[in-house]
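A short worksheet on the structure shown next.
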Amino acid sequence: MPNWFALCFIAVCLGYGANAIGASFDHMLPRNDNGLFSRQHQLALEWSSAAALTGLVILGDSQTAFGRTASTAFDAMASSALLTQAAKITFRRQRPRDGNDPDAWFSGSNNRSFPSGEVAHITAIVTPFIATYQQEYPAVWLLSALPVYDGLARMKSQAHWQTDVLTGAAIGLGIGLYCHQGACPLSMSPWLNGVGITWRGHF
């Protein structure tokens, strides 16, 4: 099975799994998106991580282990964005703040709760670095605090259900490890004058 279709199949399975357990597990948290959990800080994490990673890939040395890891993380970030957006369009789950109904799937073209793209984004970025350096630098595990923070912040903003966040983390982790093993289906190489895109799928 081609790489990309395997990932899409897994995402669909996660979606139907979340649908099956959602009513008994998901609940809306009391809204508290001030201070550390404000939307401003959530967006700062998303955009600063993407910008920093892009800078590392553009300016770094792809011949070093760190440079290759940064490139892998960039590919994982891009792949997770495509996969989560496809899942959002497919499942059209209502956000907690829009109705407090975890079973509101396929409910409207503007609903984009499942899965959490931001949690998938940051998880996909940190996973290759953790996988590469966990033995040599155990402190790299501290990076795992970023997806945990983001998931909690998104739920406190009433933007996502628990299964949205867990599935986003699973997608980011899966794609991050997939790319770490050299099997990433999409390679995006940012250059100073543009972006090069390479499809690695096979039929």
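Checking R31, R68 one by one, the residue that is over 22 Å from L152 (Cβ atoms), out of contact with any strand residue (DSSP E or B) (no Cβ under 6 Å at 6 or more places or on another chain) and charged (D, E, K, R) is R68 and no other. In the range 126-140, the residues that are polar (S, T, N, Q) reach residues that are loosely packed, with under 12 Cβ neighbours inside 10 Å and in a helix (DSSP H, G or I) with C-beta atoms within less than 9 angstrom, at least six apart or across chains, in these pairs: T132/A65. With respect to the conditions (1) under 25 Å from V57 (Cβ atoms); (2) surrounded by fewer than 24 Cβ atoms within 10 Å (Cβ to Cβ); (3) of a type in the set (S, T, Y); (4) in contact with a helix residue (DSSP H, G or I) (Cβ under 9 Å, 6 or more places away or on another chain), S109 lacks only one, and its number is (1). Tally up the residues in the range 152-170 that are touching a Ser or Thr at 6+ places or on another chain (Cβ under 6 Å) and among the β-branched types (V, I, T), please. Here the count works out to 1. Scanning the range 70-95 for residues that are more than 12 Å from I125 (Cα to Cα) and part of a helix (DSSP H, G or I) yields a total of 10. Every condition in (1) assigned to a helix (DSSP H, G or I); (2) surrounded by fewer than 19 Cβ atoms within 10 Å (Cβ to Cβ) holds for R154 except the one numbered (2).
Scanning the range 133-151 for residues that are among the acidic types (D, E) and either crowded, with 16+ Cβ neighbours inside 10 Å or part of a helix (DSSP H, G or I) (or both) gives a single hit, D150. One residue stands out among those in the range 22-69 that are in contact with a Lys or Arg (Cβ under 8 Å, 6 or more places away or on another chain) and assigned to a helix (DSSP H, G or I): the one that is surrounded by the most Cβ atoms within 10 Å (Cβ to Cβ), which is Q42.
Within the range 29-65, track down each residue that is closer than 16 Å to H160 by Cβ and of a type in the set (S, T, Y). Passing the criteria: only S38. Looking only at residues of the range 96-132 that are among the acidic types (D, E) and outside any helix (DSSP H, G or I), we find that the one that is nearest to R39 (Cα to Cα) is D101.
Rundown of residues vs (1) farther than 18 Å from L146 by Cα; (2) hydrophobic (A, V, I, L, M, F, W, C); (3) modelled with pLDDT of 90 or more, yes/no style:
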position	(1), (2), (3)
R31	yes, no, yes
Q42	no, no, yes
A50	no, yes, yes
L53	no, yes, yes
L59	yes, yes, no
R68	yes, no, yes
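Considered as a group, the residues in the range 46-69 that are free of Cβ contacts under 8 Å to residues at least 24 places away in the same chain and among the aliphatic types (A, V, I, L, M) include one that is farthest from I125 (Cα to Cα), and that residue is L59.
The values are calculated or read from the model by the stated rules, or taken from the named source; none is laboratory data. Note that the structure is a prediction, hence the values are computed from the model and not measured. All Cβ positions, even for glycine, are placed from backbone atoms using ideal geometry, and neighbour counts span all protein chains on display.
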